[in-house]
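This report refers to the structure that appears directly beneath it.
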Amino acid sequence: MQIIDTKKFQSDLLDWYDNEKRDLPWRRERDPYRIWVSEIMLQQTKVDTVIPYYERFLTKFPTLEALADADEEDVLKAWEGLGYYSRARNLHQAVKEVRDDYNGIVPSTEKEIAALKGVGPYTAGAVLSIAYNVPAPAVDGNVMRVLSRIFSIYDDIAKPASRKKFEAITRDLLPENRAGDYTQALMELGAVVCLPRKPACLLCPVAEHCSARKEGVQEFLPVKAKKKAPRSVQLSVGVVRDSRGRYLVEKRPDTGLLAGMWQFPHSEEGLDGLPAVDESSWENLTQIRHVFSHLVWEMDVYQTVHDVQKLEKAQQLLTVDELKQKAFPVSHQKIIALLEES
């Protein structure tokens with residue numbers, strides 16, 4: 001691994017960041033709770049998508065105490081559409097821990113903050129460095145891409161051992177007096193200049209330090225093993241409307257995929273697995289394809305009119321307006337939109 005002039009690298013990167021950084025709402029903050037919310041939302045989600053969610057979420061839950069005191073269903077509803085809902089549930093649980101164990105003050109040490117529900121090394125480092133200026137490493141995909149090119153590192157970034165290596169490098173490069181700005185500058189560089197494909201090397205403020213550019217291998221780095229193709233699952237979804245215009249929905253279990261959210265009944269067993277109604281009464285409503293990171297739902301959606309005599313524990317009959325008050329996965333929100341139109 002090549003040796004770089006650390007002070008010069010820091011100076012070049014920070015000067016560029018001071019002049020070129022994007023004006024993002026969480027960059028106007030030093031409140032650790034708000035920075036924490038932004039970092040959780042930004043995981044696996046694009047900045048432009050996050051901004052309106054971030055602003056609405058903090059309007060509804062402006063303080064850590066407000067979020068800690070909220071019902072989980074209200075939190076999931078505010079998160080609806082962002083995906084990866086375990087992030088919201090973990091954040092909700094973690095702020096309760098902060099309220100109860102730390103008098104509502106987000107911990108400022110790596111050991112304490114990393115012990116909170118759902119807070120991994122990246123989130124811990126981001127909150128500590130940005131909110132508290134603690135020199136703690138925050139290593140995400142952008143940072144690993146930048147550093148793999150700066151130092152010509154060919155380790156597979158998908159492996160945990162590689163992340164540990166990048167965390168050690170990042171810790172060594174952190175300036176103590178501007179840890180937060182430096183952390184954001186590295187992320188910003190990866191987001192707008194040191195792109196996965198066709199990096200804008202001519203615009204890069206640290207190009208003179210980049211080993212990969214000197215070797216002409218910048219587009220081959222970082223090394224990342226290919227993921228398995230997502231598994232496809234065929235689902236039949238039943239939209240049952242009763243004679244009073246209410247729809248049968250059910251709440252998903254408290255653990256697992258989309259935990260705690262609402263859905264129309266669905267089954268992998270075709271119409272046989274849907275609520276017990278006359279099979280001939282089902283009509284095709286639509287088809288929906290929804291892609292998760294590891295899974296693809298191929299949904300055949302059917303509708304029928306039927307008065308349900310007995311509800312299961314997790315089921316409810318709701319009007320369209322009432323459906324809109326519940327938290328549904330994006331795929332089922334599309335069904336609600338169709339019902340609203342009709």
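Pro329 fulfils the conditions (1) in contact with a strand residue (DSSP E or B) (Cβ under 6 Å, 6 or more places away or on another chain); (2) surrounded by 15 or more Cβ atoms within 10 Å (Cβ to Cβ) except for a single criterion, (1). For Asp71, the conditions (1) surrounded by 15 or more Cβ atoms within 10 Å (Cβ to Cβ); (2) more than 24 Å from Arg27 (Cβ to Cβ) are fulfilled apart from (1). Confirm whether Thr319 is crowded, with 18+ Cβ neighbours inside 10 Å, in contact (Cβ under 8 Å) with a residue 60 or more places away in the chain, among the polar types (S, T, N, Q) and not assigned by TED's automatic domain parsing to the domain that holds Leu76. No, not satisfied. Can you pull out the residues in segment 7-40 that are under 14 Å from Ile130 (Cα atoms) and acidic (Asp, Glu)? Matches in segment 7-40: Glu29, Asp31, Glu39. Taken over segment 178-226, the criterion of being out of contact with any Ser or Thr (no Cβ under 6 Å at 6 or more places or on another chain), in contact (Cβ under 8 Å) with a residue 24 or more places away in the chain and either in a loop (DSSP other than H, G, I, E, B) or among the basic types (Lys, Arg) (or both) is satisfied by Arg178, Cys194, Pro196, Pro199, Pro205, Val206, Cys210, Arg213, Val217, Lys224, Ala225. Please state which one of Trp16, Trp26 is in contact with an Asp or Glu (Cβ under 9 Å, 6 or more places away or on another chain) and at pLDDT 95 or above. Residue meeting the stated conditions: Trp16.
Would you point out which residue out of Val127, Val139, Val119 is touching an Asp or Glu at 6+ places or on another chain (Cβ under 8 Å), assigned to a loop (DSSP other than H, G, I, E, B) and either assigned by TED's automatic domain parsing to the domain that holds Leu186 or farther than 17 Å from Leu186 by Cα (or both)?
Val139
Hey, can you tell me all the residues within segment 276-297 that are over 30 Å from Lys226 (Cα atoms) and either of a type in the set (Val, Ile, Thr) or surrounded by 15 or more Cβ atoms within 10 Å (Cβ to Cβ) (or both)? Before you say what the answer is, go through the steps one by one.
Within segment 276-297, the first condition is being over 30 Å from Lys226 (Cα atoms), and the residues that meet it are 276-286.
Val277, Trp282, Leu285, Thr286 - these are the residues of segment 276-297 that are over 30 Å from Lys226 (Cα atoms) and either of a type in the set (Val, Ile, Thr) or surrounded by 15 or more Cβ atoms within 10 Å (Cβ to Cβ) (or both).
Consider only pairs whose beta carbons are under 9 Å apart and that are at least six residues apart or on different chains; among these, list those whose first residue lies in segment 242-258 and is among the hydroxyl-bearing types (Ser, Thr, Tyr) and whose second residue is in a loop (DSSP other than H, G, I, E, B). Pairs found: Ser243/His306; Ser243/Asp307; Tyr247/Phe264; Tyr247/Thr319. Considered as a group, the residues in segment 184-239 that are over 23 Å from the mean Cα position of the chain (by Cα) and among the charged types (D, E, K, R) include one that is surrounded by the most Cβ atoms within 10 Å (Cβ to Cβ), and that residue is Arg213.
The values are calculated or read from the model by the stated rules, or taken from the named source; none is laboratory data. Everything numeric in this text was worked out from a predicted model, so none of it was measured. Cβ: placed from backbone, ideal geometry, glycine included. Neighbour counts: every protein chain shown.
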